[in-house]
Each structure stands twice: as C-alpha cells, then as structure tokens.
1. Please give the number of the condition Asp185 fails out of (1) surrounded by fewer than 23 Cβ atoms within 10 Å (Cβ to Cβ); (2) within 23 Å of Ser7 (Cβ to Cβ); (3) among the acidic types (Asp, Glu).
2. Going by the structure shown, is Ala34 hydrophobic (A, V, I, L, M, F, W, C), closer than 30 Å to Asp143 by Cβ, open to solvent by 10 Å² or more (accessible area, probe 1.4 Å) and not in a loop (DSSP other than H, G, I, E, B)?
3. When you go through Asp126, Asp136 one by one, which is the residue that is open to solvent by 10 Å² or more (accessible area, probe 1.4 Å), charged (D, E, K, R) and without any contact (Cβ under 8 Å) to a residue 12 or more places away in the chain?
4. Specify which of the listed residues (Gly238, Gly273) is open to solvent by less than 30 Å² (accessible area, probe 1.4 Å) and either over 21 Å from Asn14 (Cβ atoms) or in contact with a Gly (Cβ under 6 Å, 6 or more places away or on another chain) (or both).
5. Quick check, is Ser263 open to solvent by less than 50 Å² (accessible area, probe 1.4 Å), more than 22 Å from Glu132 (Cα to Cα) and at pLDDT 95 or above?
6. Report, by residue number, each residue of region 37-84 that is outside any loop (DSSP other than H, G, I, E, B), of a type in the set (A, V, I, L, M) and open to solvent by 50 Å² or more (accessible area, probe 1.4 Å).
7. Mind checking which pairs have a first residue in region 146-164 that is touching a residue at least 60 places away in the same chain (Cβ under 8 Å) and crowded, with 20+ Cβ neighbours inside 10 Å and a second that is part of a helix (DSSP H, G or I) and of a type in the set (Asp, Glu), Cβ under 8 Å, 6 or more apart or different chains?
8. Within the set of pairs 6 or more residues apart or between chains, which connect a residue that is farther than 17 Å from Ala96 by Cβ inside region 6-23 to a residue that is outside any loop (DSSP other than H, G, I, E, B) and among the small types (Gly, Ala, Ser) with Cβ atoms less than 6 Å apart?
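The values are calculated or read from the model by the stated rules, or taken from the named source; none is laboratory data. The structure displayed is predicted, hence computed values, not measured ones. Cβ placement follows ideal geometry from the backbone for every residue including glycine, while neighbour counts extend to all protein chains displayed. Surface accessibility is based on the protein's heavy atoms, side chains included, excluding ligands, DNA and RNA. Shrake-Rupley method; radii C 1.70, N 1.55, O 1.52, S 1.80 Å.
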Amino acid sequence: MGRVFVSVLIDTYNHERFIEEAISSVLAQDFPAADREILVVDDGSTDRTPETLSKFASQTRIFRKPNGGQGSAFNHGIQKCRGEIVVFLDGDDWWAPNKLSAVISAFSSQPAVGLVGHSITEVLADGARRSELVRDSPQFRIDSVAGARIFRLRKSFLGTSRMAFRADLLRRIGPVPEALVIEADEFLFTLGALFSDVLLLREPLTFYRLHGQNLYQVNDGNLSSLRRKHAVILALAGALRRRFAEEHIPADICDVIVDAVQSEADVLRLSLGDGSPLDAFRTEIRSYDLSHEHASLLRRLLKYVSILPSLFLSPRRYIALKQKLASNSLYSKIRRKVLPYRGPDHVDRTGSWGL
C-alpha cells in the first residue's frame, strides 16, 4: 500500500472516567502522527465528557450530536473520515501502543483483506486482566457455509475497539440502521466479512474495559436494559437477513450467520420471562449447539442433562437460577474440579477466567 492515511474514529457517550485514557492511547501510538487523524463523536453526553474532550481540541476533530446510539454515532463519524483505513475505538477502551502499526502492516501485506481484527485483553472493575487470544491468524470470508461458520466462531475478535476497515469497504456497506443503538459494530463487521476477506491478528492490541456502564453488558437483570438489548438484537437479525437477501446470498449461508443472532435474542426473551418451559429448553439446546458445534457427545449429553430444570421452572426463574449458580464461587470451584470448562478450540485464554 505504501504510505497511507488513517482515520481513528472514537465514539463516546458519558465516558467522563475513561475517554481521556482512550484518546491518550491513540496519541501514544508508535505510528506517525502526520499519517493519521483522530475523530471523536460525542453522542450527546450529559456528564463531563465534553469538558474532557476540550483538552484534546487541538489534536482531534470533535463532533457533538444529539444522543442517538452507536449506529447514529458511527454514521455521523464515518462520513467525515478522510483516511484510506478507518480504525474504531470505543470511548471506554484503550489500545496497546503498537495497535495502529500492526493493523496497517497487516493491510499492507494482504491486499485482499478489507477488515482486520485481533485478540483482546479484558480489564475487570478491580483492575484484573484476562486475555482471549485467537489460536491462529486465519484469513476467511463469508462466501460459503464453511466460511460463515468460521466467522461465527471468531466474530468476538471483531468488536468495535478491535475492528479496522478499508474506507472503500465501509462505503460499500453503507449506513448502519440507526435502530442499532448498540451492536452497530456487528452490523458493520458482518457485512465487512461478507464483502471482503478478514484477517485476525493473535496479539491482543485492545484493552476492553468491563464496568457498570457498559451499554452492551447487562449483568444486573435490569428489565429496561434487557428489553432494549432484546429489541436491538432482533433489529440486527432482521437487518442482516434483509441485506443478505438484497445481495442474493444463499439461504444456507445466511442462516448460519443470522440464526446465531436470533438465538441470542431468544435467550434474552427468556430473561424477560417470555415463552414456556419447553421454549426455554429448546432455546438453551440451540444456543449451546451453535456455540459448541465441536463438543463431544459426552459433553453434549451432560449439557442437555443440566438443562432439564428448565422444563420445570418458568423461563425467568430458570435464567435467574443459572445466573446465581454462575456467580457462586463454591459452585464454580466444584465445577472446575469435576467437569473443567473446555474453551473454544480456536482460543487460548490467559489470566483468571473463573471457569
């Protein structure tokens, strides 16, 4: 590619505690400052985020807009990017110092690649860190059922603060549906993988912060947040299915991708108390089969047995029981000893995962 100009697009909303570290991590990159721009879209923050952003006014392009969610913020920012490569960062995450140089090197060496992702380090509220590392550095595309399955298992390495696109690929994808107030990144990287090759780097180049204000993570059982997330996941499934149809993608490829999204929506529906015990049993089996397609017969049988209580409890009570057990340290300790969790075959994990 030779010398390229890069746009770093940061979306932020009420990140007064985190946005300074996010921007500082971009400024500290071992990548020439003359070859990049930093755009920050403030999606109507009501805290002190604007005040913090003002500190960086001479080093960034700041755009403030009414609150509309992630899809709206992406659309606002993407159209203003001037770079040949657009690299995304959430305002509550931050990057390793060599992030940009590693990503741009990958694009330069792989002309067919339009989307680059990478491994990730999660940072817990207490400061503890744990990493998920992609076991290989695969190049793949959603151009077959096999390619769609590879994507489905590895899409976690393509979230907002991990994904980087060639600008012409983003133009082909077009605007994000603004109903996606969260999950806009999944719309982009799914279509990116449909239209272009994807490359994943093993090095964890993003620090993903887990905190009480994560808009995607809903761990407190808040019904309003669960309803919003459920509505967004349904909107994502519908938007992807429509776009796949417009692009004349075979139904079997579409189903591999969209069924996984729909399954996530179905699990959330159970958390809201909708459906019958039989619905809960079927949904749990479907969700497990999609995420553990290479599990042994013994593992599957043990999992199916563990799901049997769902047939005798209301969906909401069953999900609450699952969450209570998962957070119980004694249960986790016994489970690790009796039936150790087997992670995905394509992932290496470091740090404390409590599994």
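1. Unmet for Asp185, out of (1) surrounded by fewer than 23 Cβ atoms within 10 Å (Cβ to Cβ); (2) within 23 Å of Ser7 (Cβ to Cβ); (3) among the acidic types (Asp, Glu): (1).
2. On the way: hydrophobic (A, V, I, L, M, F, W, C): yes; closer than 30 Å to Asp143 by Cβ: no; open to solvent by 10 Å² or more (accessible area, probe 1.4 Å): yes; not in a loop (DSSP other than H, G, I, E, B): yes.
No: the conditions fail for Ala34.
3. Values: Asp136 fails: without any contact (Cβ under 8 Å) to a residue 12 or more places away in the chain.
The match here is Asp126.
4. Numbers: Gly273 fails: open to solvent by less than 30 Å² (accessible area, probe 1.4 Å).
When all the criteria are applied, what remains is Gly238.
5. Working: open to solvent by less than 50 Å² (accessible area, probe 1.4 Å): yes; more than 22 Å from Glu132 (Cα to Cα): yes; at pLDDT 95 or above: yes.
Yes, satisfied.
6. Within region 37-84, Ile62 is the sole residue that qualifies.
7. If the second residue must be part of a helix (DSSP H, G or I) and of a type in the set (Asp, Glu), the pairs left are Thr160/Asp185; Met163/Asp185.
8. Leu9/Gly77; Asp11/Ala73
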